[in-house]
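Taking it in order: structure first as C-alpha cells, then the write-up.
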Amino acid sequence: MIVDGDRSGWLVAGFFGLCLLVALVEPWLPKPGVSSGYRLMITPDEIACEHPRRSREAIRWNDVTRIWYVTTSDGPWLPDEWILLEGERGGCSFPTEASGFNSIWDELSQRFAGFDYAPLIRGGTDDARHLCWQKGRAT
C-alpha cells in the first residue's frame, strides 16, 4: 500500500509494528496470579475447605450421605465446577480448582464405593447438579 502511494499503508505498517513490539516484550511482563484462593484439607476424619472470604466448611467422612458434582455458568472469572459433600447436618463444597484437590481422587475411590465419575468427565458450563454417590444406593 505504501509503494502504491496509499497513505493508509503507514497505519497498517504501524499497527503490525506495534504488534511485533508487544510480542517481543510480553514474555517479560509479570503474569497475574491464577490461584482461586480455595484450599482443600483432607484428614483421616474429615474434609474441609477454606477461603479467605467465606466461612470454613467441613464434614466428617462418616456423615456424608450424598456427593454432587455442581456446574455453574460463573466461569471463567469465578470457579464453575464444584464438588458438594452433603450430610444430614451440613456439608462441604469446594471448586475443582482448589489447591489440594488432586488428593480427593484416592479418598473418593476408597471411601465411596460406586462413585459415578461420568458427570465429572463430561463437565459442563450450565447451571446443573449431578448426583455422583448416595449412601445406601445400590451400585
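The values are calculated or read from the model by the stated rules, or taken from the named source; none is laboratory data. Note that the structure is a prediction, hence the values are computed from the model and not measured. Don't worry about glycine lacking a Cβ; one is built from the backbone with ideal geometry, like all the others, and counts go over all protein chains shown. Side chains included, ligands, DNA and RNA excluded: accessible areas come from the protein's heavy atoms. Shrake-Rupley method; radii C 1.70, N 1.55, O 1.52, S 1.80 Å.
Here the relative contact order of the chain, from alpha carbon pairs under 8 Å that lie six or more residues apart, stands at 22 percent. Ordering 105, 61 by accessible surface, largest first, gives 105, 61; the 1.4 Å probe counts only protein heavy atoms, with every chain in place. Here the range 78-134 yields Rg over Rh of 0.93, to two decimals, using C-alpha coordinates and the Kirkwood radius.
As a calculated quantity, the FRET efficiency between residue 36 and residue 135 at R0 = 22 Å, using C-beta atoms, amounts to about 0.15. Highest mean first, the peptides 125-133, 84-92 sorted by other C-beta atoms within 10 Å per residue fall in the order 84-92, 125-133. Taking the inverse of the mean 1/r over every pair of distinct Cα atoms in the range 28-108 gives a Kirkwood hydrodynamic radius of 13.5 Å.
Rg of the Cα atoms in the chain, relative to 2.2 N^0.38 Å, amounts to 1.65. Summing Lys and Arg as +1 and Asp and Glu as -1 over all other residues whose Cβ lies under 15 Å from the Cβ of residue 107 gives a net charge of -2.
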